[in-house]
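Quick note: the coordinates plus some simple rules give every number you see, no bench work behind them. These numbers come from a predicted model, not from an experiment. FYI the Cβ positions are ideal-geometry reconstructions off the backbone, even for glycines, and counts take in every protein chain you see.
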Amino acid sequence: MKLPHLDPLIFAKEILALEENSSKILCEFEYKPSLAMFIEASAQSSAAFFQEGGYRLGYLVNAKNIQWINKSEDTKFIIALQLEVTFESMRNYSFIVTNITEDIAVCSGEFTISIQ
């Protein structure tokens, strides 16, 4: 994935599926992630929609309706993103984080990215 982040702050590792308004991304952490790390990984995952051409900077400007569903000791997860709204340079996504087999939901929420 094209991201300007460096280890240990790059969590989004691989695009598993990509459609026009949805994606699934493999995310990996060095240790048990916090809720804030899941939000950052979800925001990084939105870069899947911008793999063509040069780098485009995105800024996380809002996170809302964030919920822990099930805590996990795992370090690898799948983040499913859904593009909900696009308005000028702003994009609003909903996300759900699951374990690697996608049978246990870990957390969910929404966030807004401003694309430069």
| note | In order over region 14-19: 3J(HN,Hα) from phi, Karplus 6.51/-1.76/1.60, θ = phi - 60°, whole Hz, x for each Gly or Pro, gives 8, 7, 8, 8, 8, 10
| said: Using only Cα atoms and rounding to the nearest 10 degrees, what angle (0 to 90) does helix 35-45 make with the longest principal axis of the chain? | reply: 40 degrees
| request: Determine, from the Cβ-Cβ distance of residue 103 and residue 31 and an R0 of 22 Å, the FRET efficiency 1/(1 + (r/R0)^6), rounded to the nearest 0.05. | output: 0.45
| For residue 21, net neighbour charge (Lys/Arg +1, Asp/Glu -1) across residues whose Cβ lies under 13 Å away | -1
| Which cross-chain or sequence-distant (5 or more) residues have an amide H under 5 Å from the amide H of residue 104, H modelled 1.01 Å from N in plane? | 99
| message | Students often get this wrong, so try it: which of (i) 113; (ii) 94; (iii) 295 is volume of the Cα convex hull per residue in Å³ as calculated from the structure shown? | response | (ii)
